[in-house]
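Some notes on the structure that comes next.
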Amino acid sequence: MMFRGSSFHTIDNKGRLIIPARFRQFIKSKEGDGVMISRMDNCLVAYPFKEWRNLENKILSLAETSENMRRFRRVFIGGAFECSCDKQDRILVPQSLRQYADFNKEIVLVGVLEHFEIWARQKWEQENIALEKDFKKEEVRNEIAKLGL
């Protein structure tokens, strides 16, 4: 199960967005059709239910020994919502998450392997510009070079 690529979409006035077919196959499971959504890095992160459970288990094991992880858990897990697909393969993104991510109408869905991110288009474009600047830094280039690229 891997989410890859990015695509431009719209979110309607009620906060619904259509899950693209290439992502839909990964979020349909015996646990239900949908995703768990939370917030991080100025965007929303969406995990299939199975991946979300794996993530919760990791967080739980680390939260026992780390104050930072307990604080992260409070915001990340505490701010998460279960979002199920309707008959039109749309999910309803809760208002609090739409406000956090600064959604207007144009959004971008970005596959990030085991999950996908949902960005306001303007913030996604800013992220790309920032990354291009970071690529010029030697420490960033060295880190990426470890991948063999």
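The values are calculated or read from the model by the stated rules, or taken from the named source; none is laboratory data. What you are looking at is a predicted structure, and each value in this text was computed from that prediction instead of being measured. Cβ placement follows ideal geometry from the backbone for every residue including glycine, while neighbour counts extend to all protein chains displayed.
Assigned to a helix (DSSP H, G or I) and closer than 26 Å to residue 122 by Cβ: does that describe residue 23? Here the answer is yes, as residue 23 does meet what is asked.
Residues are listed down the side, and each one gets a yes or a no for (1) surrounded by fewer than 16 Cβ atoms within 10 Å (Cβ to Cβ); (2) among the basic types (Lys, Arg); (3) at pLDDT 95 or above; (4) on the phi > 0 side of the Ramachandran plot:
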position	(1), (2), (3), (4)
22	yes, yes, no, no
41	yes, no, no, yes
51	no, no, no, no
56	no, no, no, no
64	yes, no, no, no
70	yes, yes, no, no
88	yes, no, no, no
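Exactly one residue out of 38, 7 is in a strand (DSSP E or B), within 23 Å of residue 127 (Cα to Cα), more than 12 Å from the chain's Cα centre (by Cα) and of a type in the set (Ser, Thr, Tyr), and it is 7. The numbered conditions (1) in contact with a Ser or Thr (Cβ under 9 Å, 6 or more places away or on another chain); (2) exposed (fewer than 11 other Cβ atoms within 10 Å of the Cβ) are all true for residue 99 except (1).
Going by what's in this entry, would residue 4 be described as modelled with pLDDT of 90 or more and either of a type in the set (Ser, Thr, Tyr) or out of contact with any Phe, Trp or Tyr (no Cβ under 7 Å at 6 or more places or on another chain) (or both)? Spelling it out, residue 4 is indeed modelled with pLDDT of 90 or more and either of a type in the set (Ser, Thr, Tyr) or out of contact with any Phe, Trp or Tyr (no Cβ under 7 Å at 6 or more places or on another chain) (or both).
In the range 14-40, what residues are closer than 19 Å to residue 75 by Cβ and in contact (Cβ under 8 Å) with a residue 40 or more places away in the chain?
Going through the range 14-40, the residues closer than 19 Å to residue 75 by Cβ turn out to be 35-40.
Hits for the range 14-40 are 35, 36, 37, 38, 39.
Which residue is surrounded by the most Cβ atoms within 10 Å (Cβ to Cβ), if the candidates are limited to the range 24-39 and must be of a type in the set (D, E, K, R) and more than 17 Å from residue 103 (Cβ to Cβ)?
If we filter the range 24-39 for residues that are of a type in the set (D, E, K, R), which is where we start, we get 24, 28, 30-31, 33, 39.
Narrowing further to those that are more than 17 Å from residue 103 (Cβ to Cβ): 24, 28, 30-31, 33.
Numbers: 24: 13, 28: 14, 30: 6, 31: 13, 33: 16.
So the residue we want is 33.
Of the residues that make up the range 114-123, is at least one surrounded by fewer than 16 Cβ atoms within 10 Å (Cβ to Cβ) and small (Gly, Ala, Ser)? The answer is no; no qualifying residue exists. For the range 82-149, the helices (runs of 4 or more DSSP H) that sit wholly inside it and include 3 or more residues that are touching a residue at least 60 places away in the same chain (Cβ under 8 Å) and under 23 Å from residue 4 (Cβ atoms) are 121-134.
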